[in-house]
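Data first, discussion second: the structure below is written as structure tokens.
The values are calculated or read from the model by the stated rules, or taken from the named source; none is laboratory data. Predicted model only: the values in this text are computed from it and were never measured. Don't worry about glycine lacking a Cβ; one is built from the backbone with ideal geometry, like all the others, and counts go over all protein chains shown. Please note that ligands, DNA and RNA were not included when accessible areas were found on the heavy atoms of the full protein model with its side chains. Shrake-Rupley method; radii C 1.70, N 1.55, O 1.52, S 1.80 Å.
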Amino acid sequence: MKQSGNVLSFLGIAILTLGISILLILMVGSNVNQAFFSFLSGIFGSFYSVSEVLVKAIPLILTGLGVAVGARSGFINIGAEGQLYMGAIAVTCMAFWLNDLPAILMIPLVILGGFVFGGVWSVIPGFLKARFGISEVITTLMFNYIAISIVGILVRTILKDPSSSLPMSAFLPDSATLPVFMSTTRLHAGLLVALISVVLVWILVWKTPIGYEMRAVGLNPRASKCSGISVYKNIVLSSLISGGLAGIAGVCEVSGLHHKLLEGISPGYGYIAIIVALLGKNHPLGVVISALGIAALQVGSLGMQRMAGVPTSISSIIMGVVVLLILARKSLFRRLLPDE
Amino acid sequence: MDSGFIALVTMYLIASVRMATPLILAGLGEAISEKAGILNIGVEAIMLSGAFFSFIVAFFTGNLFLGLLAGIMGGIFVSMIHGVLSIHCKANQTIAGLALNFMMMGLTSFLFLIVFGQTTTLPSCSVFSEVKIPLLSSIPIIGSALFNQNIFVYIALISIVLTAIFFYKTEWGINLHAVGEHPQAANSAGLNVFAIRYFACFVNGVLGGLGGASITLGQLGFFMENVTSGRGYIALVVVILGRRNPVGIFAAAMVIGFSQALQYNLQTLGFPIPTQVFSMFPYVVAVIVLFLSIGKSIDPSALGIPFERNKR
Amino acid sequence: MALLSMKNICKSFFGKRANNRVCFDLMPGEIHALLGENGAGKTTLMNILYGIYSRDSGVILWKGQEVSFTSPREAIACHIGMVHQHFMLVPTLTVSQNITLGLREKGYPFPDRKALNATITEVSEKYGLEIDVNAYISSLSVGEQQRVEIIKLLYRDAELLILDEPTAMLTPQETEYFFEVLRKLRADGRSVIIITHRIPEIMSITDRVTVLRDGCNVVTEKTSDITEQELSQYMIGRQLNSIQREPIVPDAGREGLLLEDVSLKEKNIKGLDSISLQIAPGEIVGVAGVDGNGQKELVEVILGIRKQSSGKIGLDGLDMSSMSVLERKKLGIGYISDDRQQDGLVMDMNLTDNMLLKTHTEQQFIKGGLINARLVWEDTKKVVEEYAIKTPDLNTPLRNLSGGNQQKLILAREMAGDPKAIVAHQPTRGLDIGATEFVQQQLLQRRSKGCCILLISADLEEILLLSDRIAVIYKGRFMGIFPNTKDLNLSHIGLMMAGRTSEVREESL
């Protein structure tokens, strides 16, 4: 009974979301059937379109995983966006400085560099929270803007490609680019990096004493302290890992996709990451599934715009609506759910 | 003093006040909301909604005041969704705010495309013109900066005074404070915690909507996707810098407004400094201020925590 | 005619009956005790009257009219006021602002503070409740805050004052003073309901008493017509077992738990003031005192949760003054906190994960850097059987267990591995009689195994029952330490709890 109520309530959310989507499509004046067909064919229509879903999912998995790790210890990371950009800065700088290194050394090094840069960008708010109790919601948010501004400054000054008039860096040396799986697609080895990260995070959080401490701190810092678990250490550590993963997302976007640093490499992945983590219930496997779902939504809405003339901003609306409905679920479907 | 210098100062002051106006309005609204314990990081969504609906109505009716009203309604719409989620559904306020940002970003851009289609030239409407206030406007420097401006500037200035009176001189301010600090005590004293929090959300919507409208109907005269471009987030910064004190919010918004005015000016003058140096400024200052306020608890105790009446 | 009568009140929380057809009558101008153990449903009943909880069924008559308050505001409008056990005052507002909070006084919303303050002072002086109206609540003592709460009700002209455990935080002397105030209120024609579980106190002050047990009312009687023994039988339902303590077996080889001149100063407030104490192996030292006189500080300094400003703490000759919490626990200290939900357990984790709170750092439970889940599961299963913890399975979150079972899990965890010392802070708070006896038996069992036990309790009876020696704490200082013998002078202990050493000395001369 309890289980079926839960399932029904989520089904209700799905139906409501579908209804709202239909309403929006009708507002544009498009044919609903055609719109849905183009949405699905935008995702599954070709080998390429499926690969595009995976390409989009890579940064979402990594940033979403980061947000989830932070959330486990009670660190609400709104700053994955900025941490992603810091990772992107790291890979670009390192690639140009170490351009003689062979790929076999270069790739692990830039990933590590991205982890460190992203981690540092997140560990500062983490430290401020753990040591002084300053709310990380606001600090991480502000660090996003600072990071994005730094990228803007760098691509106009020291990292600028002199041969171009646009604010962007030169192409990275080949040794610093991630290999592409199939030449007809853009799908790159970042997917492997993301999936390996998922497994590692799963082991860390659910199987090791460190992960146990993080979860305990997230659920009850006071009891953790009384049991001799350092709240400070665990928040700092989880914020470091959280930002580090987002930093790796930045590395993957630059090394795997754009091959250079430029503004706007992330269309808000770092913010969507929070939704990914929420929908994935802060569990590594859940994060993968929700990241794939949101990536599919975005890719599908592109198809819908191409073929049915529905603006892509519909995907942003749907994301927002789904989250709002989930937040309201317990009130909306009170009759279905057991008393709590 | 050199008259050229005075003219320059005056010019910057005028520009700063204009840049600060949306931030003051939205900042005051957010401060009231936070004082009652509701942290709404969806200010951007409120402003975007205000900007969009004010423009649409002003464009089709040709009446700026109707547009202004629509902007307020748009702000209230978003803020009340957040209110219902935070107060009634006891949801996570941060995530609710974030989701609203996504939704409104998509919705305003979606509706705009539906109404106007893909256009090369942006549809535009007139903006509120300056109204000179006799006597006051002839005060040197400050006069033209504060008293020869459009209606939004005056609304912002009046709002500062009213909010200050509300916070520090009325029983209502004490009630608001009590609800954000110790809702159980407020409830037990016979205050309606839910109603007061909804009221705070409502005011946040009104002021945030006005802030959004001040961008389209006070400055630009047109709407485009993401027209607020992060001003809602800066408004959050303003609230922190101003420590939820109306005068502090005014000061913080002016400092940021000045840096923005400077940024535009240098941009047009073709200085070789990237504008990002300036756009980064408010955030860096905010972080520094947070650093300096270490050890002094300034947040209301119940900020972000839902109130449950029948809780055991 | 009754001023208030509540008939057949029912209320359930999560399917558990908190009130089951409770009836309650109150006459005008009487002081009426609502007596019962923790969890008997006293506070629930009053919260229903006051409009904080909604009732499932039943009728409430106030001055003969049927009423049903949905918020305290409506109750206040009918001149009913309540002081909660945890005070409902906003610490960042002044006394005056707190008292008028929620009222629409003359000039509303622009209050005339001076006039309001004059009225407040007038009310407070009438009943001998002195207070500085401009002080911030955060700067007041517990006793003063209680005064503010009562003035708040009188300012609203409450005809009925409901007081939830009003003496829990007061010294015996403060309590006497407080009773004086109550008598003045009664003389003024007001009625008072006192929610309490302390029988001796109600004998002197109340006119009538109603006893609740397990959510049902057991009896209502004139206080003068009933004895303490009868009341305690009604309240508990059976006779208390008396516990036999064997003499301490001296263990020459061990020094026990040692505190030397331990002081704690935080934010310029002295939490502890040169505490010295040695607990021998196999000894229970009870610390008596009014809540909030440094008890929490004392246990947390011993555990290392807070760092002492000066002094030395040792266990069996080892100096642990600068050790971390973890190091101290590994040395063999078990900790039972007074707040098990906050300090002792992670309520959203299941039983195995809560056992891990201690064991996750122990080598035997770790294999190749990973937690040995199977071993942890077996360990937990063993504990559940040994301590007879009632739970559907090991994956149940602690939140869904009863308070007694939660406490059993803490005991099991903290007593595993034969600790050399146990710090038990209010170990039986909020437990029913059965669970209380279980906990007390466990402590005595540990005692006979040579464990040094520090027992801190606000319940003097519990201290007297279990301790070999009794220390009295007041404002972070030990006022004296006595062996717990039959000829112990209880009034001395009471005076010491109130901080009066000189009088004690004079009397004993």
The convex hull of the Cα atoms of the protein assembly as shown, divided by residue count, gives a volume in Å³ per residue of 213 Å³
Order C:280-286, C:70-76, B:265-271 from most to least packed using the mean count of other Cβ atoms within 10 Å.
C:280-286, C:70-76, B:265-271
Put a dot 7 Å past each Cα toward the Cβ at C:Ser276 and C:Glu221; how far apart are the dots in nm?
5.0 nm
Counting heavy atoms of the protein chains only and a 1.4 Å probe, report the per residue accessible area for the protein assembly as shown as a whole number of Å².
41 Å²
Contact order relative to length of segment C:4-236, as percent, for alpha carbon pairs under 8 angstrom and 6 or more apart:
30 percent
Subtracting the Cα-Cα distance from 0.36 nm times the residue separation, let me have the gained length for C:Ser309 to C:Gln65 in nm, one decimal.
81.8 nm
Roll a 1.4 Å probe over the protein heavy atoms and report the accessible area of A:Cys93 in Å², nearest 10.
20 Å²
Leading residue at positive end of dipole, chain A (Cβ point charges), from A:Phe39, A:Ile196, A:Ile229
A:Ile229
Residues whose placed amide H lies under 5 Å from that of C:Ile371, excluding near-sequence neighbours
A:Thr208
For C:Lys11, list the lysines whose Cα falls under 25 Å from its own Cα; do not include residues on the same chain fewer than 8 positions away.
A:Lys2, A:Lys330, B:Lys90, B:Lys311, C:Lys42, C:Lys63, C:Lys390
Distance in nm between pseudo-label sites at B:Tyr264 and C:Leu318 (7 Å out along the Cβ direction from Cα):
6.9 nm
Which one, A:Pro311, B:Ala178, B:Leu68, projects farthest toward the positive side of the charge dipole computed for the protein assembly as shown from Cβ point charges (K/R +1, D/E -1)?
A:Pro311
Only Lys, Arg (+1) and Asp, Glu (-1) charged, at Cβ; chain A dipole about Cα centre in debye
940 debye
Separation of the A:Gln3 and A:Ile22 label points, Cα + 7 Å toward Cβ, nm:
3.0 nm
FRET efficiency, 1/(1 + (r/R0)^6) with R0 30 Å, evaluated for B:Ser293 and C:Glu130 via beta carbons
0.25
Percent relative contact order of chain A, based on C-alpha pairs within less than 8 angstrom and at least six residues apart?
35 percent
Divide the volume of the convex hull of the Cα atoms of segment B:15-292 by its number of residues and quote the answer in cubic angstrom per residue.
146 Å³
What's the average, rounded to a whole number, of partner chain beta-carbon atoms within 10 Å of each residue's beta-carbon in A:25-31?
1
Using 1/(1 + (r/R0)^6) with R0 = 60 angstrom and r between the beta carbons of C:Phe482 and C:Asp157, what's the FRET efficiency to the nearest 0.05?
0.80
Which whole-number percent is the relative contact order of segment B:15-292 (Cα, under 8 Å, 6+ apart)?
38 percent
Diffing segment A:146-159: the Karplus 3J(HN,Hα) column from phi (6.51, -1.76, 1.60, θ = phi - 60°), in whole Hz with x for Gly and Pro, holds 5, 4, 5, 5, 4, 4, x, 5, 4, 6, 9, 10, 5, 9
Treating cross-link reach as a plain straight distance, find the aspartates and glutamates whose alpha-carbon is under 14 Å from the alpha-carbon of C:Lys222, omitting any fewer than eight places away in the same chain.
C:Asp25, C:Glu30, C:Asp207, C:Glu230
Coarse-grained scattering of segment A:54-297 at q = 0.08, 0.16 Å⁻¹, given as base-10 log I(q)/I(0) from a Debye sum over alpha-carbon atoms
-0.28, -1.05
Residue-by-residue Karplus 3J(HN,Hα) for segment A:274-282, coefficients 6.51, -1.76, 1.60, Hz, glycine and proline x:
5, 5, 4, 5, 5, 5, x, 6, 6
Take the Cβ-Cβ distance between C:Asp112 and B:Tyr168 as r, set R0 to 25 Å, and report the resulting FRET efficiency rounded to the nearest 0.05.
0.95
If you roll a 1.4 angstrom probe over the protein chains with everything in place, what fraction of the accessible area of segment C:257-508 belongs to carbon and sulfur, to the nearest %?
48 percent
